[in-house]
1. Residues that are free of Cβ contacts under 8 Å to residues at least 40 places away in the same chain and over 23 Å from Y95 (Cα atoms): list the strands (runs of 3 or more DSSP E) wholly contained in the range 1-67 that include at least 1 such residues.
2. Pairs needed: first member in the range 177-193, in contact (Cβ under 8 Å) with a residue 40 or more places away in the chain; second member anywhere, among the hydrophobic types (A, V, I, L, M, F, W, C) and part of a strand (DSSP E or B); C-beta distance under 6 Å; at least 6 residues apart or different chains.
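Laboratory data are not the source of any read-out in this text; all were calculated from the coordinates shown. None of the values given here were measured: they were computed from a predicted structure. A quick note on method: Cβ atoms are made from the backbone with ideal geometry, for glycine too, and the neighbour counts reach across all protein chains shown.
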Amino acid sequence: MLSIIIPAYNEAPFLPEVIRRVEETPYEKEIIVVDDGSSDGTRDYLESLSTERVKAIFHEKNMGKGASFRSGLSLVTGDIIIVQDADLEYDPKDYPVLLGPILEGKADVVYGSRFLGGPHRVLFFWHSVGNSLITLISNMLTDLNLTDMETGYKVFRREVFKDIRIESNRFGFEPEITAKVAKKGFRIYEVPISYSGRSYQEGKKITWKDGIKAIFTVLKYNLFRR
């Protein structure tokens, strides 16, 4: 069974469509949505859903993606865990591609790359430069050859988290988990996905400050944490 963790912060306009698309995927699954202190009606929407459709967790204040994933992980019962952003930038129609290497017994972890040729909306040159730089530094220290370390689509066999605990509360989740799965020697695959990036006017939240923090997180978990 799949366990799909959806961190959500002020995504009321998009969350119903994301949940609908996830529900339409042809897999046995549980959907776990973590409302990360939203103030736009996200909580009200989740409280209106039956617990058979969605398991909901509510943070009283905004804590970040890493903290939301950690909370969601506490309710997981499936064998495979997918991180699904709540903003429609990533489409659940890519689940078959993402799950393939794990279901075939080839991988423990799968990253969905926005830069391996899948269709994507054209936006933000400097974001792509920053992403490439962060991925390069991460690859140098992990000895991996990822093209998109910061991707929001990451899939894990549940056993990966037997010996790994996520510490980062915010977007540092991405470089932290990459460093830790690399150190543990898990089999990592990368597959192409589609990507429909948002503009800031449409609600995009990540900024250049998060990029700077990501570089420090890469260094922290590769050089200074065992």
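1. 29-36, 55-59
2. Correct list of pairs: V181/V109; F186/V109; I188/V109; Y189/V110.
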